[in-house]
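Report on the structure given below.
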Amino acid sequence: MSQTIDVEVGPGAISPAALADIEKFEALLEQYLAGEIEEDRFRIFRLNNGIYGQRQGGHNQMIRVKVPYGSLQPEQLDMLAHIGEEYSRGWGHITTRQNIQFHFVQLERVPAVMRDLASVGLTTREACGDTVRNVTGCHLAGACPYEVLDISPWAEATFRHFLRNPYAQRLPRKFKINFSGCVTDCGQAMFNDVGVIAVNRPNPDGTVEAGFRVFFAGGLGANPHPAVALEEFTPREELIPTIEAALRTFDHYGNRDNKLRARMKWLLDTMGADELRRRILKERRLLLAATTWTRVPEYVQEHGDAPAGTSGTMSPTPMGWGTNVVLRSRDAYGRWEDANVVRGNAKGTVSAYAYARLGDVTSDQFRAVASIQRELGLEVRVTNRQNFVFRGLSEEQLRPLHDRLSVLGMAEPGAELARDVVSCPGADTCNLAVTQSRGLADAIGAALEEAGLADVGGVRINISGCTNSCGQHHVADIGFVGLERRAHKRAAPGYQMLLGGHVGMEAIQFGRKATRLPAKNAGVATVRVIGRFAAEREAGESFTTWLARVGGAEAIGAELAELDIFPTFEEDPSFYVDYDETGPYVAEVGVGECAGS
């Protein structure tokens with residue numbers, strides 16, 4: 001399925017709406033640099049255009065590129081390679097919300113970046129700030145044997161509906177929309193402001209109708225909230241009005257005086273679920289009078305939303321949280337096939353993951369992925385676990401794909417295995433992070449490889465450098481959130497370990513606190529937990545079930561308490577230096593742009 005922005009334009013052309021955005025940015029940037037626009041006003045404008053300041057200060061900027069539901073075309077991948085080389089550090093970073101970020105872009109060069117991106121139908125518009133953020137969705141939508149509907153056209157139509165929509169610009173706070181094609185919820189709908197899951201309902205005449213169950217007011221951050229169901233079933237023709245009604249309700253009643261209590265989840269706390277639900281449904285009932293009212297969008301009608309269906313010749317590959325991948329093969333190709341290949345849809349094609357370690361992709365890798373996509377005639381999407389997935393493969397194409405990925409260093413059997421550690425950018429670039437989460441992710445990966453545990457399936461590790469949960473640590477089997485520790489009258493990097501997070505089957509469970517740890521001991525603790533899980537789990541047992549059976553997070557935390565000890569600085573100074581740093585640890589927190597404050 002092609003992904004486009006605004007209107008259909010030819011290769012290299014820029015849509016009128018995108019061009020207007022760029023020209024406005026150029027004009028206001030010139031005024032800002034001349035001192036004619038104050039900092040706060042320009043910052044809000046800059047954020048709404050997807051441009052963040054970095055902790056390095058000066059004119060260093062992070063550029064966030066929206067990739068709706070993760071879909072990318074070859075020319076877009078080529079352009080991402082160009083952006084990395086020409087304006088950034090030679091690589092980009094896949095986020096947990098299917099964006100691509102580039103760091104250390106100079107403010108004066110931002111308009112040029114925006115022009116280059118717009119020439120291939122990509123935008124940074126509303127990727128940041130108090131706006132409707134990137135619309136995310138299942139990376140296997142349209143290729144998944146379990147799906148009820150292909151949510152791809154719905155996610156695209158939703159993205160188009162809210163891009164530059166007046167209601168999506170100056171909200172009380174950011175607003176996140178997510179789509180999943182079935183209750184497996186690989187798209188993680190259960191912790192978004194609006195989460196949409198495709199479901200079936202039986203009709204009185206015995207037929208089955210495909211539609212949606214819409215959830216609202218979920219969120220992570222320092223105070224995670226599970227999303228709650230709006231109604232039992234939302235028909236296809238009511239979906240876009242329902243999402244817009246939720247957004248309008250948030251705009252009307254959200255807290256504009258306190259950013260820390262401004263997300264939709266706080267409306268649920270103050271109003272209660274029943275009252276907030278009543279207001280959203282009332283807004284939807286009256287939305288017929290709005291100029292933005294629409295039923296089944298033209299894009300969905302044109303592209304169709306029929307599910308991939310299930311093959312009658314093979315069992316579908318298990319998917320979703322808790323999937324216990326077992327590596328039965330010993331050779332490199334067989335191990336990759338065991339872990340990274342998904343089969344079972346009625347189209348007869350297969351999908352395969354390309355592993356992007358820490359979510360980082362070099363310009364050479366971007367170009368190579370584009371080349372593979374062209375040559376093999378495939379679809380490519382980025383995942384919320386910071387990898388690529390190739391879709392529409394034939395069985396004959398699998399081995400050539402693996403060979404190409406091996407050359408790129410992207411053929412590790414990573415999907416659903418312990419080595420696939422997810423991390424936010426952390427204190428490398430983020431103003432709010434207090435720890436180097438990427439460095440910890442690297443250290444945990446190395447510790448698991450050394451211990452022979454990197455291939456353990458059914459366990460997900462997520463790391464955030466602060467409580468804002470950009471690394472989604474709350475919903476991981478093993479989650480870490482960075483914090484400042486004090487030991488022997490010195491500041492030191494540390495983490496809170498959480499255990500037992502889970503998303504799926506229209507439910508969410510947030511990880512519970514196990515123990516606090518020095519950053520340098522987090523890898524040791526991870527090896528102990530995964531080692532025990534691998535040794536004790538019963539056949540097919542999930543991490544969540546095993547954890548409950550052995551006493552829960554508190555019991556495991558008690559066993560790890562001996563690791564929560566700091567030696568003196570003289571005994572081991574490394575405990576007082578964060579990963580990827582050379583000097584003593586200092587928790588420096590700047591203006592909270594990354595949290596949209």
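The values are calculated or read from the model by the stated rules, or taken from the named source; none is laboratory data. Quantities reported herein were computed from a predicted structural model and do not represent experimental measurements. As a convention, Cβ positions derive from the backbone with ideal geometry for all residues, glycine included, and neighbour counts pool all protein chains shown.
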Residues of segment 194-221 being more than 17 Å from the chain's Cα centre (by Cα) and in a loop (DSSP other than H, G, I, E, B), in sequence order, are Asn203, Pro204, Asp205, Gly206, Thr207, Ala217
Those residues of segment 297-345 which are part of a loop (DSSP other than H, G, I, E, B), of a type in the set (A, V, I, L, M, F, W, C) and touching a Cys at 6+ places or on another chain (Cβ under 9 Å) amount to Ala308, Met319, Trp321
Note to self: Quick check on segment 585-594. Is at least one of its residues under 27 Å from Asn223 (Cα atoms), in contact (Cβ under 8 Å) with a residue 24 or more places away in the chain, in a strand (DSSP E or B) and within 24 Å of the chain's Cα centre (by Cα)?
What the structure shows: no
Checked segment 255-269 for anything touching a residue at least 12 places away in the same chain (Cβ under 8 Å) and either among the hydroxyl-bearing types (Ser, Thr, Tyr) or over 16 Å from His225 (Cα atoms) (or both); matches are Asn255, Arg256, Lys259
So, first residue in contact (Cβ under 8 Å) with a residue 40 or more places away in the chain and over 18 Å from Val132 (Cα atoms) in segment 145-158, second residue in a helix (DSSP H, G or I) and basic (Lys, Arg), Cβ within less than 9 Å, six or more apart or across chains; the pairs are Leu149/Arg236
Within segment 317-340, residues in contact with a His (Cβ under 9 Å, 6 or more places away or on another chain), surrounded by 18 or more Cβ atoms within 10 Å (Cβ to Cβ) and not polar (S, T, N, Q) come out as Trp321, Gly322, Trp336, Glu337
Flagged in segment 227-250 as out of contact with any helix residue (DSSP H, G or I) (no Cβ under 7 Å at 6 or more places or on another chain) and in a loop (DSSP other than H, G, I, E, B), in numbering order, are Glu231, Glu232, Phe233, Pro235
Of Asn134, Asn178, the only residue that is at negative phi, within 16 Å of the chain's Cα centre (by Cα) and not in a strand (DSSP E or B) is Asn134
Note: among Ala352, Ala415, Ala356, Ala427, just one is crowded, with 23+ Cβ neighbours inside 10 Å and in the same structural domain as Ala454 (by TED's automatic domain parsing), namely Ala427
What about Gly523, is it without any contact (Cβ under 8 Å) to a residue 40 or more places away in the chain, crowded, with 16+ Cβ neighbours inside 10 Å and small (Gly, Ala, Ser)? no
key: Flag if Arg284 is modelled with pLDDT of 95 or more, in contact with a helix residue (DSSP H, G or I) (Cβ under 8 Å, 6 or more places away or on another chain) and either under 23 Å from Phe179 (Cβ atoms) or among the hydrophobic types (A, V, I, L, M, F, W, C) (or both)   = yes
query: Does segment 167-176 contain at least one residue that is closer than 23 Å to Gly504 by Cβ and either touching a residue at least 60 places away in the same chain (Cβ under 8 Å) or not basic (Lys, Arg) (or both)?
result: yes
